[in-house]
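First comes the structure, then the notes that go with it.
The values are calculated or read from the model by the stated rules, or taken from the named source; none is laboratory data. Everything quoted here is computed from the prediction, not taken from an experiment. A quick note on method: Cβ atoms are made from the backbone with ideal geometry, for glycine too, and the neighbour counts reach across all protein chains shown. These accessible areas exclude ligands, DNA and RNA; they are computed on the full protein's heavy atoms, side chains included. Shrake-Rupley method; radii C 1.70, N 1.55, O 1.52, S 1.80 Å.
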Amino acid sequence: MIVRPRPNWLRMLFVRRGSLLLQILPQLLVIFAISIGVVIFHGELLNRKITLTAVPFSLVGVALAIFLGFRNSASYDRYWEARKLWGKLLTDGRNAARQWVSFTREDPRAFVQGLAAFVHATRHQLRNTDPWPDLQRLLPPELLPRLAERRTPALQILMWLAERLRDTREAGRIDPILAAELDRSLGGLNDALGGCERIAYTPLPFTYSVILHRTVYIYCLMLPFGLLDAIGVMTPLMVTFVAYTFFAIEALSDEIEEPFGTMPNDLALNAMAITIEAALLEMLGERNLPPKPQPVNCFLD
Amino acid sequence: MIVRPRPNWLRMLFVRRGSLLLQILPQLLVIFAISIGVVIFHGELLNRKITLTAVPFSLVGVALAIFLGFRNSASYDRYWEARKLWGKLLTDGRNAARQWVSFTREDPRAFVQGLAAFVHATRHQLRNTDPWPDLQRLLPPELLPRLAERRTPALQILMWLAERLRDTREAGRIDPILAAELDRSLGGLNDALGGCERIAYTPLPFTYSVILHRTVYIYCLMLPFGLLDAIGVMTPLMVTFVAYTFFAIEALSDEIEEPFGTMPNDLALNAMAITIEAALLEMLGERNLPPKPQPVNCFLD
Amino acid sequence: MIVRPRPNWLRMLFVRRGSLLLQILPQLLVIFAISIGVVIFHGELLNRKITLTAVPFSLVGVALAIFLGFRNSASYDRYWEARKLWGKLLTDGRNAARQWVSFTREDPRAFVQGLAAFVHATRHQLRNTDPWPDLQRLLPPELLPRLAERRTPALQILMWLAERLRDTREAGRIDPILAAELDRSLGGLNDALGGCERIAYTPLPFTYSVILHRTVYIYCLMLPFGLLDAIGVMTPLMVTFVAYTFFAIEALSDEIEEPFGTMPNDLALNAMAITIEAALLEMLGERNLPPKPQPVNCFLD
Amino acid sequence: MIVRPRPNWLRMLFVRRGSLLLQILPQLLVIFAISIGVVIFHGELLNRKITLTAVPFSLVGVALAIFLGFRNSASYDRYWEARKLWGKLLTDGRNAARQWVSFTREDPRAFVQGLAAFVHATRHQLRNTDPWPDLQRLLPPELLPRLAERRTPALQILMWLAERLRDTREAGRIDPILAAELDRSLGGLNDALGGCERIAYTPLPFTYSVILHRTVYIYCLMLPFGLLDAIGVMTPLMVTFVAYTFFAIEALSDEIEEPFGTMPNDLALNAMAITIEAALLEMLGERNLPPKPQPVNCFLD
Amino acid sequence: MIVRPRPNWLRMLFVRRGSLLLQILPQLLVIFAISIGVVIFHGELLNRKITLTAVPFSLVGVALAIFLGFRNSASYDRYWEARKLWGKLLTDGRNAARQWVSFTREDPRAFVQGLAAFVHATRHQLRNTDPWPDLQRLLPPELLPRLAERRTPALQILMWLAERLRDTREAGRIDPILAAELDRSLGGLNDALGGCERIAYTPLPFTYSVILHRTVYIYCLMLPFGLLDAIGVMTPLMVTFVAYTFFAIEALSDEIEEPFGTMPNDLALNAMAITIEAALLEMLGERNLPPKPQPVNCFLD
């Protein structure tokens, strides 16, 4: 996640972070080179003039607008829903912590650390990273073997939290109605995990990307022939400008479509998980918290 | 469901899976042939010149954009809502399993296998396939006769789960308040089933498809006459390109509009049902799980 | 509701059901006749040439796209929300039936038939049809006088169900917590009824229809003058094609805007109510169910 | 709220109600007059020809489409959300009434009239009208002083309902779990009131209206110069037609943006409040109901 | 938040508040100056004619419409969701206050002031302002040390409210089921806080702003060359008009994208927090309320 530096309108034209320019540079150079070739050969291919105007391109524009617009908003919806699900991890985690403190008189430390471990386990599962350092740090040692070699260690943590709740209830130290209420917060954590899994493991229908990609590239490859007669030597510049806008939409959609990755515009799962852990500990009155995540080069990962 | 292989921008132009090209090839060839005919006969029909320019086509573009854009997003909304409902089957199934374990001291095995059977029965109902192998594998034999010849066997499984809950409650082995909470998870499964039935049995108003189809085909059949004077021999190429984008949107919308089918871009119900079953069993501590579904040729069904 | 026959791309051009063509034929003929007149008189009106090009029409296209696009999606949203509310009638009805069976040991027959009667009463209220045959079939005779001459008989049925629940609770045959849970399902039925009433009795702001209608007709009536100089004798054909797409969007929006009607694209309330009744009875183990509604000529009402 | 008379396509062109024409007539006349002036002076201003074509206008069309489309759908969303909130007042009111009847054995009359008074108080607050006639009609006299000089009398009624519920519970005449359930319906009424307040007191960001207004007017004032060379004497007609569509979108958005007003397309709060009151009384078995609101000149207020 | 003065159509063209004109004036002047230069030098750069027409600009229009439209609606969604969350602070605060009064017989003053303090703490956190004056005014002195140096003081207030609820329940002065219900309102406040934090700390993906900004500026800088041949001396005027609409959309989106700021179109957090406090106190019967916030120069902050 790029933390916006809010430059003024002039410096915004030259900002480096988040410009995607480097990423789509190869394609832009290819398009630029082809356009120059078209200008040099006066739009002839094998000594035969390619008669083309801009008209068919504006007709294709209808389909292109639908595809690009759809791809862009569908990808952003995935991104923002993913963010909401992480917000739910935060709020339901805080709800569970508050309820454990106010519904029981048990020592909340282990339970609340279990909540934090659940969040870290979710993060590691979504990013395919190693959860063990965080789990060992936060969970009681006797629980760890149960988590080994699991497909979803987070679920085992949730089961363990539910069992602690059961033990407390069976010992008569929490009213059943309040236990049911607390269980609902655990259910909310499960729902958030399930939502993240849905987004992570079900991509946009792949055919969208294929058709959009082909349409954009065929469009940009033929555009020089269509503009040559109208704007002459300016063709390479304008074609590259058009291509820049289309490629940029496509590349950005591609990036935020999978919001749990580690590319610049993806969600800062690391920073969010640490923030949730700190918020949960602070609720217990703790003052010695993990430091706030600081953006490195305007970037939180 | 096509599991995205993430090729680079160049190979993406030639990827085979998910391109829909084969599917719309006949129509494209017809359009291409007609365009060539138009070029050969100089846009004359029965020795009479068809005077047409691109202007009316850009006016029709307004209606076309509305229809194509609407059809595309309405179809995708159905697809994504279907996916959310299957996510709800997963999360509410996991909630019910967690609650059964932490609210009662009963042996959870039969109950949790019943939850998995409910998911499989839902899948078979939506795809009109034979549920019996899965039901026999997961349910106690004495339950099976009750399911025979039912319109919705899944509902009978849900009733059976509710009756087990009733028996446990009447035997005093679960607090009523916790039984009510668990019943809510069963209600969530019922809601997910009902949502899937809604999508499966209520198509988009058929008239949308008819009008869009006609508009697109009349448009593409007349387009060669409209472009001939402007772009000459390039007409067949550009008309086919325009037709490709329109036909592709239409074909893709048609495919994901019924997300429970078995076409390449439909939801991978088989894989999801097995994943849910494995997740439920793993929650009980089981380590001998059904293997993770592997995409065959980038394709999960 | 037209049950989609899924013809191939060629036969789809000539399908009869759901084409709306007959419905908008008069207007199309008027437009066609006017266009022919314009061609014959060379675009002159009272011996004075109407100088018009396509340019202003593409400028009006902006407003037209907004109106048509908005009207279309707002109407579809009403249609689909109505369908969701009927899905809620199904799922909350099934929830209530399951809960009655698993929360009490009462004979469920009368209660569940009451749920079915509620659904039928809702349908008859929305369509202004006579509810009595269905009510007499499903409800105990002593209840009927209470329903006579009511504005919303469905609410009286709901009150009666709530009273049965009260009697059962006061007799100690259902735990209060479970009674509260069941009452929530009754509340869900009430919410679904209220949602249907909202859609049925609050139309889209009428002004939308008026402005859109006028814009579309003025546009189509003046279009022949705008196209004549560019496409000559093809004018009548293209103007009628443009008009077809606009009129079709308008006519279809008009139809699904009131989704509880009995036009071809409206919701199949009859079929849905019978399906819900069958599902509720099947949950009780009944095997002698009302037959599945069969589409007549691809059409469910 | 205009109750749609559903005229046929021809009479719809000349319908009076809901046409907004009178409202935007002054602006249209100004535009028409200016266009005629432009035609008369051959597009010259101070003897200097204004060289303008339609090209820049179609470029501005992009921004215009975004602004008009956004303004229109944001306003309609406010309108429809407001309608949903009034639907919530109806359904939660009915839920509370049903629960009061089936959860307690108290005389429901005063409580249910209190619910109706809450709805009327909400209506009067949103429209800044005098609530006293309705409150005196529906509430017990001893409650009235408590409501005098309050910013939100509706909230005092809600508190009074909650206190009656408390008294009943403390007297042991309602189970706490059922009281909690009923309190949730009161919470729903509070949420609906809060939602209405949100829409009523937070307008769309005012800047949208300003920018849109300026863009539309500058556009329409300069359009005659842009069309003159292409369409000559038809300029005034076409410019006025373009202006009509834009002004109409703007005026309609302006009207439904504040859905609680008393303009023709606003919500019929009076009719809805009376309908809710009648529905609540009918639930108690009452047959002597306030008459159904009848549209006056197709108009409900 | 600008409180709309509803001027008539003529005065709306010259309104000062909310016009953004001053803010984008520098950029507009730069564009205007460049356009004049282009006119003076007849579109030549270094004695070489820049051959450009409007065609490529209308092709770029597709991408521009997608970007501007998306940026605008995504920003407004953030703004309106933020407003809804503040509505939730109001309604859940009122729910909690009503429940405290009707579920317990405790003195509600301290509890309800705690709710108001929570809202003020949320506001100060979102705006990075000093919460202490408000906290000292509303909270008991012994609570204050616990809030010092906290990252989220609001959460500590919520914990304190939950502990008061716990103490009341343990003293047997509130039924557990009602305590669970009240805790849900506290959970709603936590959810609203979490939602606000999500919007405040996760900006729109920064790359959107960068790409849109570049596209808009390159577009406007090259537009004079594209229009010169068609509209001659009118170029500077029309280019500036086009630039005005684009810059205005961008500037407005930028402003409401962060709805918790203090710019003119941002949410009036101060006014809303005071309104919520007054509403809560009025529910207790208080008549000596903080005065209603009055807009200063049509502006609430």
Computed FRET value (nearest 0.05) for A:Asp301 with A:Ala148, which takes r as the C-beta separation and R₀ as 30 Å: 0.65
Solvent exposure, largest accessible area first (probe 1.4 Å, DNA, RNA and ligands not counted), of E:Glu257, B:Glu163: B:Glu163, E:Glu257
Accessible area of the range C:20-283 belonging to carbon and sulfur atoms, whole % at 1.4 Å probe: 61
Relative contact order (percent, whole number), the range B:169-280, Cα cutoff 8 Å, 6+ residue spacing: 18
Average beta-carbon neighbours from other chains, 10 Å sphere, peptide E:100-106: 4
For the range C:20-283, with +1 on Lys and Arg beta carbons and -1 on Asp and Glu, the positive-most of C:Pro236, C:Thr262, C:Pro26 along the dipole: C:Pro236
Cβ charges +1 (Lys, Arg) and -1 (Asp, Glu), total dipole of the protein assembly as shown, debye: 1580
Accessible-area value, C:Cys298, 1.4 Å probe, nucleic acids and ligands omitted, Å²: 50
Within chain E: Cβ-based charge dipole about Cα centre, in debye rounded to nearest 20 (Lys, Arg +1; Asp, Glu -1): 520
Where the protein assembly as shown is the region considered: accessible area per residue in Å², 1.4 Å probe: 35
Span from the the range B:99-177 Cα centroid across to the the range A:166-189 one, whole angstrom: 25
Dipole-positive endmost among D:Gly114, D:Gly43, D:Val296 within chain D (Cβ charges, Cα centre): D:Gly43
With 20 Å bins from 0: P(r) over chain B, alpha-carbon pairs, percent: 27, 41, 22, 9, 1
Other protein chain Cβ atoms within 10 Å, averaged over every residue that makes up D:115-122: 0
On Cα atoms only, tilt of A:206-231 relative to the major axis of chain A in degrees: 30
Heavy-atom accessible area ranking, 1.4 Å probe, most first, across D:Ser58, D:Ser185: D:Ser58, D:Ser185
Exposure rank, largest accessible area first [A:Asp183, B:Asp167, E:Asp134; 1.4 Å]: B:Asp167, E:Asp134, A:Asp183
Fluctuation leader among E:Thr262, E:Thr202, E:Thr104 - chain E, Gaussian network, Cα springs under 10 angstrom: E:Thr202
Distances in nm from E:Phe41 to the matching label points in the other copies, shortest first (labels 7 Å along Cα to Cβ): 3.4, 3.4, 5.4, 5.4
Summed buried accessible surface, chains D and C, 1.4 Å probe, nearest 100 Å²: 6600
Choice from D:Glu250, D:Glu181, D:Glu44 showing the highest fluctuation, given a GNM over chain D with Cα pairs closer than 10 Å: D:Glu44
Label-point gap, in nm, between D:Asp77 and D:Arg137 - each point 7 angstrom along Cα→Cβ: 3.7
Radius of gyration and maximum dimension Dmax of the protein assembly as shown, Cα, Å: 33.0, 100
Fluctuation leader among D:Glu149, D:Glu106, D:Glu81 - chain D, Gaussian network, Cα springs under 10 angstrom: D:Glu149
Alpha-carbon centroids, the range C:218-281 and the range C:70-86: separation in whole Å: 15
Solvent-accessible surface (1.4 angstrom probe) belonging to A:Trp9, in square angstrom, nearest 10: 70
B:Leu20 accessible area, 1.4 Å probe, all protein chains in place, Å² to nearest 10: 20
Flagged links, alpha-carbon separation over 25 Å, of C:Lys88/D:Lys292; D:Lys84/E:Lys88; D:Lys88/E:Lys292; C:Lys84/D:Lys88; D:Lys84/D:Lys292; C:Lys88/C:Lys292: C:Lys88/D:Lys292; D:Lys88/E:Lys292
Average Cα contact separation per residue, chain C, under 8 Å, 6 or more apart, as relative contact order %: 37
The range D:61-144, relative contact order in percent, only Cα pairs under 8 angstrom and at least six apart counted: 20
MRE, 222 nm, helices only [DSSP H, n ≥ 4, -39500 (n - 2.57), over chain D, to nearest 500]: -24000 deg cm²/dmol
